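This report concerns only the one structure given below.
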Amino acid sequence: MSRRFGGTGLGLLIFWGIAFVLAFLNLSGYLMNDDEGTYLYAAWRTGLGEVPYRDFSLVQAPLDIYLGAGVFRLFGASVLPARAISVLFMLGSAALIYLSARRHLKLKTGFALASAGIFFFNKHVFFLGRSFMPDVPMIFFGAASLYFALQAESADPAGRRGPKAAAISGLMAGLSALAKLNGGLVAAGYAAFLLIQAARRRQPWKTAAAKAAFFAGGFAISFGIPLVLFLAFVPGTFDSLIGFHAAKESAAGVTYAALLLRRLVQLAGNHNYALAAGALAALFAGRASEGREKSARSLLWTIAAASLILLFLPSRFFIRYAVFAAVPLALLFGAGLETLFRRKAAGRIALPVLAVLTLLCLGPTLSPKKILARDEGTRAAAAFIRENTGPEDYVFGDDPFLNFLARRPCPPRLVDVSEAMVTAGRITSADIIADCERLPVKLVFVESGAAAHHLAKLADLARLRGYLLDRYRPAAAVQREFLNVEFFLRNK
């Protein structure tokens, strides 16, 4: 074995070993993620034979829920196996970025690892990957779609392999959208890229149309057909996937200019500016590159732009909505880094600055305090529920994470009482009271404090509290980190 090969192999082993260890370290320690609780609960109930949308409310596409249900059937319903599958998906995404950088951008091993590293250890990506969220398989299948789209664009000159790679890219993009609807932006980005390439005569219309047709066929198989089957045979699917998001869009409640400015500032925060700076450096190489290399970089910019389109929509926005943009931007980061190394004069100035920015960005990710955090309040709250209710008793509250941990059913229509559902008027105190009486619900828990943002956002919260004081009795209060949880037991 040559010294060069041995050094490369050792570098790969060290990088992936560190990524693996840090990602799995204390994986089930911290349990303060209310969105994750909704999906854990949904996967648990699906594993018991219930059907999303029909048997309980769910506002996301179903793939991640069924994956979680399968994991629970194999390993038991607990936080650790659910989060472990997410970690493996995110490690797989980083591996796809590395392979894309090596094979399609022709980057050397060090720069390809830089692309994988700036992606995987990005704060928003790393901690998202340590939770059971639909965004994670969306990112993995989206990264796979991008890999095959790049392969389609680097096919042989005769274009014989391009349509086949485009079809596989479409299949992966469909699975990405089936995990979370935002994954459909990958398909939109590739379609826009093919249109631009043909319009600018960088490839014949016939070639672009063939790739688009094969891509669309793959997308229809993995996303279109399953979605149509759900819409046709599972009651509640349309209202959950379309109705909720339409209501959410109508509840933005802020001027567009202020909305856009706030999001741009948020996105350019201290965890992303190194990624953005390195990606922008790739523009220098983009001017000089030719042929397939230039086409690949154009595809990456187009996919990144499509992933960021949610910034400009007048609706609620969280950074994770645009997190897939980190995939193409990470590849461009590696390309930009290589460009600066080649250009000695520019590199002497830019590389130290980029290194400092990268360290500042990775600092919050690699914080031992955050990685090793463990909250006992959530465990105490779940224990209180188990001690005061039976396995068949309905329990309702702000966060179905507690239902999942305590293994207690939630009223089906009240699984997701997110801020968006409440402020859009899709869940009211009257709805909650009706379900609590119909089932009946034995225990209710309500979060309070400055960070409370679910039931606390009810326009008629006073009505719900009045009902609780009438039909229930205060039983306990448990502190969950930054939230206080009040428990109410039904009067006998």
For segment 135-150, how many residues meet the condition of being buried (at least 24 other Cβ atoms within 10 Å of the Cβ) and under 17 Å from the mean Cα position of the chain (by Cα)?
11
Do any residues in segment 408-436 that are under 15 Å from Asp460 (Cβ atoms) have Cβ atoms under 6 Å from those of residues that are at pLDDT 90 or above and acidic (Asp, Glu), where the two are at least six apart or on different chains, and which pairs are they?
Ser429/Asp460
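Restricting to helices (runs of 4 or more DSSP H) lying wholly in segment 1-79: which have 1 or more residues that are under 21 Å from Thr365 (Cα atoms)?
Fully inside segment 1-79 and qualifying: 3-24, 34-47.
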List the pairs whose first member sits in segment 353-369 and is closer than 23 Å to Gly29 by Cα, whose second member is in a helix (DSSP H, G or I), and whose Cβ atoms are under 6 Å apart, counting only residues at least 6 apart or on separate chains?
Pro364/Lys123; Thr365/Lys123; Thr365/Phe126
Taking into account only those residues within segment 383-403 that are in contact (Cβ under 8 Å) with a residue 60 or more places away in the chain, of a type outside the set (S, T, N, Q) and in contact with a Cys (Cβ under 9 Å, 6 or more places away or on another chain), which is surrounded by the most Cβ atoms within 10 Å (Cβ to Cβ)?
Pro400
Restricting attention to segment 165-205, which residues are aromatic (Phe, Trp, Tyr) and under 26 Å from the mean Cα position of the chain (by Cα)?
Tyr190, Phe193
Only one of (1) within 17 Å of the chain's Cα centre (by Cα); (2) more than 25 Å from Leu171 (Cα to Cα); (3) without any contact (Cβ under 8 Å) to a residue 24 or more places away in the chain does not apply to Asn33, and that is (3)
Can you tell me how many residues within segment 316-357 are assigned to a loop (DSSP other than H, G, I, E, B) and over 25 Å from Gly142 (Cα atoms)?
1
Across segment 390-402, what is the number of residues that are in a helix (DSSP H, G or I) and over 18 Å from Val59 (Cα atoms)?
1
Of the listed residues (Phe396, Phe404), the one being farther than 24 Å from Asp239 by Cα, modelled with pLDDT of 95 or more and of a type outside the set (A, V, I, L, M) is Phe404
Single residue of Arg83, Arg103 found to be in the same structural domain as Val125 (by TED's automatic domain parsing), charged (D, E, K, R) and buried (at least 21 other Cβ atoms within 10 Å of the Cβ):
Arg83
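Does Ala95 qualify as being out of contact with any strand residue (DSSP E or B) (no Cβ under 8 Å at 6 or more places or on another chain), farther than 19 Å from Leu25 by Cβ, in a helix (DSSP H, G or I) and modelled with pLDDT under 95?
The answer is no for Ala95.
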Flag for Ile303 being within 20 Å of the chain's Cα centre (by Cα), modelled with pLDDT of 80 or more and surrounded by fewer than 19 Cβ atoms within 10 Å (Cβ to Cβ):
no
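Any idea which residue in segment 209-227 is surrounded by the most Cβ atoms within 10 Å (Cβ to Cβ), counting only those that are under 23 Å from Asp239 (Cβ atoms) and in contact (Cβ under 8 Å) with a residue 12 or more places away in the chain?
Ranking the candidates gives Phe223 first.
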With respect to Val417, determine if the residue is of a type in the set (A, V, I, L, M, F, W, C), in a loop (DSSP other than H, G, I, E, B) and crowded, with 22+ Cβ neighbours inside 10 Å.
yes
Selected residue [modelled with pLDDT under 80 and in a helix (DSSP H, G or I)] from Leu280, Leu360
Leu280
Counting just the residues of segment 460-492 that are part of a loop (DSSP other than H, G, I, E, B) and in contact with a Gly (Cβ under 8 Å, 6 or more places away or on another chain), which one comes out farthest from Gly29 (Cα to Cα)?
Phe482
Find the residue count for segment 438-483, including only residues that are in contact with a Ser or Thr (Cβ under 6 Å, 6 or more places away or on another chain) and modelled with pLDDT of 95 or more.
4
Please count how many residues of segment 179-217 are assigned to a helix (DSSP H, G or I) and within 30 Å of Ala69 (Cα to Cα).
12
Subset of segment 59-80 (residues that are within 19 Å of Asn33 (Cα to Cα) and surrounded by fewer than 18 Cβ atoms within 10 Å (Cβ to Cβ)):
Ser78, Leu80
Is it the case that segment 423-441 has a residue that's buried (at least 19 other Cβ atoms within 10 Å of the Cβ) and in a strand (DSSP E or B)?
yes
Scanning segment 363-382 for residues that are part of a helix (DSSP H, G or I) and of a type in the set (Gly, Ala, Ser), the one surrounded by the most Cβ atoms within 10 Å (Cβ to Cβ) turns out to be Ala381
All but one of (1) among the aromatic types (Phe, Trp, Tyr); (2) surrounded by fewer than 21 Cβ atoms within 10 Å (Cβ to Cβ); (3) touching a Leu at 6+ places or on another chain (Cβ under 6 Å) hold for Phe132; state the number of the condition that does not hold.
(2)
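The values are calculated or read from the model by the stated rules, or taken from the named source; none is laboratory data. Because the structure is predicted, anything quoted here is derived from the model rather than measured. Cβ sites come from the backbone with ideal geometry, for glycine too, and all protein chains shown count toward neighbours.
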